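Remarks on the structure that follows.
The values are calculated or read from the model by the stated rules, or taken from the named source; none is laboratory data. For clarity, every value in this text was computed on a predicted model and none was experimentally measured. Neighbour counts are summed over all protein chains in view; Cβ atoms, including those assigned to glycine, are modelled from backbone coordinates with ideal geometry. We work out accessible area using only protein heavy atoms, side chains counted, and drop any ligands, DNA or RNA first. Shrake-Rupley method; radii C 1.70, N 1.55, O 1.52, S 1.80 Å.
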Amino acid sequence: MSKLLNRPRKSPKQERSADLVSAIYEASVRIFESKVKLDFSTRKVAEIAGISIGSLYQYFPNKEALIGVLIEREGNKHTMDAQKIFEDMKGKSLEEITLAITKKLFKQVKDKKYFLRGI
């Protein structure tokens with residue numbers, strides 16, 4: 001049961017709702033990117049996003065659900081990048097493709113140190 005609590009409550013259906021959820025994501029990333037040590041909390045995310053805590057809770061029951069979605073989004077980006085490299089390198093050896101994907105993944109992780117630091 002507790003695993004269900006760490007999932008988003010709902011997905012945005014309208015453009016205005018999608019904008020609100022995007023603001024939540026952007027505020028979350030700003031906290032992780034911050035050079036000043038900020039505590040990651042739903043209250044801090046809402047404050048930085050310029051929304052009420054109630055609006056945030058309409059979509060995310062807690063910070064773990066929000067972090068889970070952020071991790072999922074990053075993972076999806078990595079997967080899409082790997083698929084593109086694979087498609088672009090058709091005809092190359094598996095070793096060459098694997099090396100290219102690995103280099104891209106490590107570069108992305110290195111460039112996004114904030115994500116590893118804040119969680």
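Of the residues that sit in the stretch 85-114 and are hydrophobic (A, V, I, L, M, F, W, C) and either open to solvent by less than 70 Å² (accessible area, probe 1.4 Å) or closer than 30 Å to S28 by Cα (or both), which one is nearest to the chain's Cα centre (by Cα)?
Looking at residues that are hydrophobic (A, V, I, L, M, F, W, C) and either open to solvent by less than 70 Å² (accessible area, probe 1.4 Å) or closer than 30 Å to S28 by Cα (or both), I get V109.
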Response to the item:
Pairing a residue in the stretch 92-107 that is touching a residue at least 24 places away in the same chain (Cβ under 8 Å) and among the hydrophobic types (A, V, I, L, M, F, W, C) with any residue that is assigned to a helix (DSSP H, G or I) and surrounded by 11 or more Cβ atoms within 10 Å (Cβ to Cβ), where Cβ atoms lie under 9 Å and the two sit 6 or more apart in sequence or on different chains, gives L105/H78; L105/D81; L105/A82
Item to complete: Could you check how many residues of the stretch 9-24 are under 15 Å from T42 (Cα atoms) and open to solvent by 40 Å² or more (accessible area, probe 1.4 Å)?
Response: 3
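Quick check on M80: is it open to solvent by 100 Å² or more (accessible area, probe 1.4 Å), of a type outside the set (G, A, S) and at pLDDT below 90?
On the way: open to solvent by 100 Å² or more (accessible area, probe 1.4 Å): yes; of a type outside the set (G, A, S): yes; at pLDDT below 90: no.
No; evaluated as a whole, the condition is false for this residue.
Which one is nearest to S11 (Cα to Cα), of the residues in the stretch 29-75 that are assigned to a loop (DSSP other than H, G, I, E, B) and open to solvent by 80 Å² or more (accessible area, probe 1.4 Å)? Walk me through it before giving the result.
First pass over the stretch 29-75, keeping only residues assigned to a loop (DSSP other than H, G, I, E, B): 34-41, 50-52, 60-62.
Checking the rest, the ones that are also open to solvent by 80 Å² or more (accessible area, probe 1.4 Å) come to 35-37, 39.
Numbers: K35: 31, V36: 31, K37: 30, D39: 26 Å.
For the stretch 29-75, the residue satisfying everything is D39.
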Worksheet entry | Residue count for the stretch 6-32, restricted to those that are among the acidic types (D, E) and under 12 Å from the mean Cα position of the chain (by Cα) | 1
